[in-house]
Amino acid sequence: MSEKRPVFALENLRVWVGEKEVVKGVSLAVYPGEVHAIMGPNGSGKTTLVQAVMGHPAYTVEGKIFLNGEDVTAREPDEKARKGMFLAFQYPVAVPGVTVASFLRAAVAARRGHDVPVKEFRQELLRRMEQLEMDPAFAGRYLNDGFSGGEKKRLEILQLLMLQPVFAMLDETDSGLDIDALKVVASGINAAATPERGLLLVTHYQRLLNYVQPHVVHVFMNGKLAKTAGPELALELEARGYDWLETSVGGGA
Amino acid sequence: MSTAPHLDINKDYAERYGFSDPVAYFARTPKGINHEVVEMISRLKGEPQWMREARHKALDIFFAKPMPSWGNQELLGRIDFEDITYYARATQRPETSWDDVPENIKRTFERLGIPEAERKFLAGVSAQYESEVVYHSVKKELEEQGVIFLDMDSGLREHEDIVRQYFGTVIPPNDNKFAALNTAVWSGGSFIYVPPGVHVAIPLQAYFRINAERMGQFERTLIIADEGAKVHYIEGCTAPVYSSSSLHSAVVELIAKKGAYIRYTTIQNWSHNVYNLVTKRAMAFEDAVVEWVDGNLGSLLTMKYPCVVLRGERAHGEILSIAFAGPGQHQDAGAKVIHLAPNTTSKITSKSISKDGGRASYRGLVKIRKGAHGCKTTVECDALLIGAKARTDTYPTMEIAEDDVRVEHEARVSKLGDEQLFYLRSRGLSEEQARLMIVNGFIEPFVKELPMEYAVELNRLIALEMEGSVG
């Protein structure tokens with residue numbers, strides 16, 4: 001084995017929404033087996049950052065995005081996904097009339113580059129659903145259509161486990177969950193945190209981090225990473241809030 | 001964003017469905033419509049006097065009636081009734097077995113998948129080629145049950161008494177201009193009679209095609225389910241592409257007697273130059289159930305509003321339809337329910353997709369007459385827009401003359417959204433796959449009502465229509 005290279009990296013990433021610059025130069029690297037957390041106040045643009053990385057067409061992007069050492073900045077979202085990038089949405093989108101099972105089968109086939117036999121796929125799906133304490137009937141429901149907040153979040157984690165990405169971003173996956181659901185979702189995330197994979201948790205609160213231990217914590221404010229440190233930073237943010245960081249960012253880096 | 005190559009859907013259509021085998025015409029009337037043409041048709045068929053007279057009377061009504069003053073006036077105005085051939089037949093008389101069907105016609109059917117469908121599923125095929133039925137088979141068990149399943153011409157010859165009793169009773173020639181035209185020049189279509197208490201276990205199917213330029217198709221279908229009888233009839237259409245306009249104007253009459261059940265399933269996929277102006281109506285007596293399942297994909301202009309008249313107490317009517325309007329197409333479709341008797345119920349579900357300049361209109365009427373107490377009706381219209389220039393409009397009419405009724409109406413318009421696309425694409429589906437998945441999901445409530453092979457065919461057709469929509 002040669003020396004480890006990051007599974008995911010950003011190089012001076014800048015993102016515009018129309019004329020407005022929301023992300024103003026972010027660089028970071030996630031190595032295999034690492035769990036990073038990006039924390040920040042509401043409205044700071046965390047969601048914009050991860051959606052832009054995934055390739056949402058509403059954003060203009062400058063800088064570079066690397067996946068497994070490959071520059072994927074200009075790639076379409078589906079190309080990135082097939083190469084192993086994943087984003088668990090804060091607000092998963094409903095697609096009425098399309099069952100969870102048929103959607104997942106198509107997604108798994110796209111990711112793996114070949115169809116999976118129905119029986120094999122079903123077995124894998126049921127096993128993963130059991131892991132997340134989901135009713136098997138769930139597979140026959142229409143994608144996110146009429147789902148509760150908790151059901152949507154579980155489905156995002158189910159997709160994460162089924163698609164086996166190289167690198168996954170989880171956007172506010174803990175929001176809207178009661179404590180039992182949070183534990184289930186957290187165990188799913190921990191199961192996904194393999195030595196080969198990189199994870200990036202985007203969250204406003206420390207709550208999830210009680211169950212999923214991050215290696216690195218970043219604070220995202222005013223379009224930049226205001227601070228990067230170890231897991232103790234999350235606890236400090238929980239205790240002190242974000243305001244104390246305001247001055248250091250305002251001072252400019 | 002990369003720009004995908006522009007695909008001409010009509011062209012692709014031509015490759016897949018636009019084949020046309022040379023046919024020897026044994027008989028066809030000259031272009032244009034007049035009493036002489038009507039006389040020719042009737043004589044050629046050797047019809048009884050009353051039918052001949054009915055045709056001539058209907059022609060006078062056709063001449064007297066104005067064109068509809070509503071709907072797509074521009075497209076309607078382009079129909080040139082003098083430039084249409086009203087009757088042609090491909091072979092001398094209906095064939096009785098598959099072996100006797102001419103080779104070139106067989107080839108056409110094979111490419112449409114008919115023989116396979118028959119082997120697997122069919123009870124009997126009534127396949128219309130041009131204006132005459134060339135192949136018609138009825139399974140033995142149906143005959144043993146006393147079920148009559150014939151093309152309409154044979155029906156008239158072999159069961160004149162039944163035809164005479166019901167023909168034009170649900171849709172009289174003076175109903176509208178196109179019903180009058182159909183009555184004057186009708187040819188082919190299906191005739192079904194199901195005796196009291198008989199349940200036809202397998203769907204009866206017919207396949208229709210238009211295969212000549214400027215050729216009119218004027219099928220006449222009459223289905224009678226006697227008391228307590230049950231039948232499901234399916235028709236599906238695929239047509240080749242021609243450059244000049246073609247007129248298709250069918251009349252379908254259904255009679256569901258006391259406690260009877262009729263489901264009528266249609267998938268129409270006429271080529272994009274066809275005018276599809278159809279009158280469909282059912283009469284539902286006491287405790288009867290009538291369901292129209294109606295899918296419209298092709299044609300230039302469709303005007304079709306399947307209707308159920310609820311005449312007997314507790315009768316139930318249901319109309320489930322989808323329309324797909326691509327560039328240059330106008331699907332003006334909808335439904336009508338007339339509640340004449342107390343405690344009757346109805347449900348209308350209309351789904352439309354308009355894509356890239358296509359236009360889909362929902363036009364509906366729900367009428368509850370004075371004295372029809374305790375009626376319930378639900379209307380649900382769902383429109384999906386794809387692309388910037390797609391258009392949809394809704395023309396719902398409610399005429400309610402009673403107070404103790406329940407009326408629900410719901411209309412939704414949605415755009416095939418960037419957020420849905422992004423979500424699916426972020427899971428590795430290509431833009432084209434994602435669009436198709438969203439559209440297939442949208443029509444799923446319709447598709448799941450279809451027999452398997454039709455569901456597969458419809459999904460294939462939708463996929464074809466969705467090609468080239470990326471970019």
query = If we keep just the residues of the stretch B:199-216 that are assigned to a strand (DSSP E or B) and either more than 24 Å from residue B:164 (Cβ to Cβ) or basic (Lys, Arg) (or both), which is modelled with the highest pLDDT?
reply = B:199
query = Which of the residues that make up the stretch A:164-186 are touching a residue at least 40 places away in the same chain (Cβ under 8 Å) and of a type outside the set (D, E, K, R)?
reply = A:164, A:165, A:166, A:167, A:168, A:169, A:170, A:173, A:175, A:184, A:185
ask   = In the stretch A:60-75, which residue that is surrounded by fewer than 18 Cβ atoms within 10 Å (Cβ to Cβ) and over 23 Å from residue A:21 (Cβ atoms) is farthest from the other protein chains (Cβ to nearest Cβ)?
value = A:69
note = Considering the stretch B:417-439, residues that are under 26 Å from the mean Cα position of the chain (by Cα) and facing chain A (nearest Cβ under 7 Å), and then whichever is farthest from residue B:390 (Cα to Cα), we arrive at B:437
query = Does any residue of the stretch B:395-402 turn out to be free of Cβ contacts under 8 Å to residues at least 24 places away in the same chain and either farther than 17 Å from residue A:93 by Cα or surrounded by 13 or more Cβ atoms within 10 Å (Cβ to Cβ) (or both)?
reply = no
query = Can you tell me which residues in the stretch A:27-43 are surrounded by 22 or more Cβ atoms within 10 Å (Cβ to Cβ) and out of contact with any Pro (no Cβ under 9 Å at 6 or more places or on another chain)?
reply = A:38, A:39, A:40
query = With respect to the numbered conditions (1) within 17 Å of the chain's Cα centre (by Cα); (2) within 8 Å of another protein chain (Cβ to nearest Cβ); (3) crowded, with 21+ Cβ neighbours inside 10 Å, which one is the sole condition not fulfilled by residue A:98?
reply = (1)
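Residue-wise test of (1) touching a Phe, Trp or Tyr at 6+ places or on another chain (Cβ under 8 Å); (2) closer than 19 Å to residue A:168 by Cβ; (3) charged (D, E, K, R).
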| position | (1), (2), (3) |
| --- | --- |
| A:91 | no, yes, no |
| A:95 | yes, no, no |
| A:103 | no, yes, no |
| A:107 | no, yes, no |
| A:114 | no, no, no |
| A:120 | no, no, yes |
| A:123 | no, no, no |
| A:131 | no, yes, no |
ask   = residue A:124: part of a helix (DSSP H, G or I), within 16 Å of residue A:192 (Cβ to Cβ), over 20 Å from the mean Cα position of the chain (by Cα) and of a type outside the set (Gly, Ala, Ser), yes or no?
value = yes
Filtered residues of the stretch A:41-55 (kept if facing chain B (nearest Cβ under 9 Å) and within 21 Å of residue A:221 (Cα to Cα)) = A:51, A:54
query = away from every other protein chain (no Cβ under 11 Å), modelled with pLDDT under 95 and under 27 Å from the mean Cα position of the chain (by Cα), is that true of residue B:450?
reply = yes
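Quick grid of which residues meet (1) surrounded by fewer than 16 Cβ atoms within 10 Å (Cβ to Cβ); (2) more than 9 Å from chain B (Cβ to nearest Cβ):
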| site | (1), (2) |
| --- | --- |
| A:82 | no, no |
| A:85 | no, no |
| A:92 | no, no |
| A:108 | no, no |
| A:113 | yes, yes |
| A:121 | no, yes |
| A:124 | yes, yes |
| A:127 | yes, yes |
request  = Would you kindly identify the helices (runs of 4 or more DSSP H) lying entirely within the stretch A:159-253 that contain at least 3 residues that are closer than 30 Å to residue A:5 by Cβ?
outcome  = A:179-192, A:232-240
task = Scan the stretch B:282-294 and give yes if some residue there is in a loop (DSSP other than H, G, I, E, B), in contact with a helix residue (DSSP H, G or I) (Cβ under 7 Å, 6 or more places away or on another chain) and in contact (Cβ under 8 Å) with a residue 12 or more places away in the chain, otherwise no.
result = no
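The values are calculated or read from the model by the stated rules, or taken from the named source; none is laboratory data. All of these numbers come straight from a predicted model, not from anything done at the bench. All Cβ positions, even for glycine, are placed from backbone atoms using ideal geometry, and neighbour counts span all protein chains on display.
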